[in-house]
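Derivation of every value follows stated rules applied to the coordinates shown; laboratory data play no part. The structure presented is a predicted model; accordingly, all values stated were derived computationally and were not measured. Cβ: placed from backbone, ideal geometry, glycine included. Neighbour counts: every protein chain shown.
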Amino acid sequence: MMKRILNAFSTVMSVIVLGFSSLSCVPDRGYCQLTGYAQGGTYSVKLNLKGVKAPIEEIQSGVDSILTLIDTTLSGYNKGSQLSRLNAGVPVEPNEMFKEVFSISRKFYTETGGALDVAAAPLFDIWGFGFTSDKLPSAEAVDSVLAVCGMDKIGENMEPIVPGAHVKLNFNAIAQGYTSDKIAGYLHSLGVKDMLVDIGEIYCEGFNPKGLPWSIGIDRPFDGNMTPGADLDGIWRGDGRGRGVVTSGNYRKYYEKDGRKYSHTIDPRTGYPVSHNLLSATIVAPDATTADAYATYCMVIGLEAAREFITSRDDVEGYLIYDDKGNMTEWASSGFKLAGE
């Protein structure tokens, strides 16, 4: 969810390799960095090659192959992807990756009581945060779309429960975190122990070239802060264990109409953008898929419920930034370690 090393909002997934990739290495330490274009921006994978037999060029190719598979499977921008074709009503035989992401999404749907719902794609479209232009829908339009949204209308094998129903999917709540985990899994299979995988969301494990646990910055969530890392609110400090670190927020993606700001976070249970004082939520979890999902979940349910959720989980830590009567205020769970503590 953290979006890039310092990004702080959840975006729609479109991972596509555009023909450029590069690598740089630090020979005396065994560390290398792979970079390339993905989702309209760049990706970065930092890893320690100590004890790894595969040449770095092969690893670069393997990472790019995973990104291409993600794009042709889960991207809503790639009109030829399995997701786009399924949403368009074209008969599709989902591959194993699609089935896995759908199964994971169903688990989060059930766990969150519908607050995370990948079968709510038309809601994002009518509010202008899917794959259509910004526009303000009527209450009648929202009600009409709600009637055809929801994972309760589609079975475990993606078959419609309601005859004739055509449910459209959008995996943006977990797809980027899932991508980071898939690349981390590939690196694990090669014997990599120290890594920071940044594919729009982050998975990190082990230690950086200085021999210290990885640390990740958290942007201050104010309107106009469009450059990751330009203005930090704090820095999360790892402990060497594998962790997904994701931030979700509303301050970089929204639109205004008639003097009112509309958040890009849609509550699929109501059909409307959320309206609360939580500005951003950073979640640390054992994997990036979970961190991505829970960061979005916190932004749906708001400050108090998010705080209660985080403190109820032994496997999750969180950092919430919220507006307190015009002042930006922070709350951190007991296990969320900030640099300098």
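Amide H contacts of L232 (H built 1.01 Å from N, in plane; Pro and chain starts excluded): R220 sit under 5 Å, all sequence-distant by 5 or more or on other chains.
Taking Cβ atoms as reference points and 12 Å as the exclusive limit, the residues near G191 contribute a net charge of +2, counting Lys and Arg as +1 and Asp and Glu as -1. When all alpha carbon pairs of the range 82-153 are counted in 10 Å bins from zero, the resulting P(r) reads 18, 43, 34, 5 %.
When T265, T311 are arranged by Cβ crowding within 10 Å, least crowded first, meaning fewest neighbours, the order is T311, T265. Annotated for the range 32-179: lysine pairs at least 8 residues apart or interchain, Cα distance under 25 Å, count 11. Taking amide H atoms as placed 1.01 Å from N in the peptide plane, the amide H of G150 lies under 5 Å from those of A119, A120, each 5 or more residues away in sequence or on another chain. Among 116-122, 165-171, 85-91, the peptide with the highest mean count of other Cβ atoms within 10 Å heads the list, and the full ranking is 116-122, 165-171, 85-91.
Database remark: amide H of G242 closer than 5 angstrom to the amide H of G206 (H placed geometrically; neighbours at sequence offset of 5 or more, or on other chains; Pro and chain starts carry no H). If the segment from I235 to C25 were pulled out straight at 0.36 nm per residue, it would be longer than the present Cα-Cα gap by 73.1 nm. Label positions at K50 and V92, each projected 7 Å from the Cα along the C-beta direction, are separated by 4.3 nm.
Per-residue Cβ neighbour counts within 10 Å put K99, K210 in the sequence K210, K99, beginning with the fewest. Among R241, R313, a tally of other beta-carbon atoms within 10 Å of each Cβ gives an order, fewest to most, of R241, R313. Taking Lys and Arg as +1 and Asp and Glu as -1, the other residues whose beta-carbon sits under 12 Å from that of I66 total -2.
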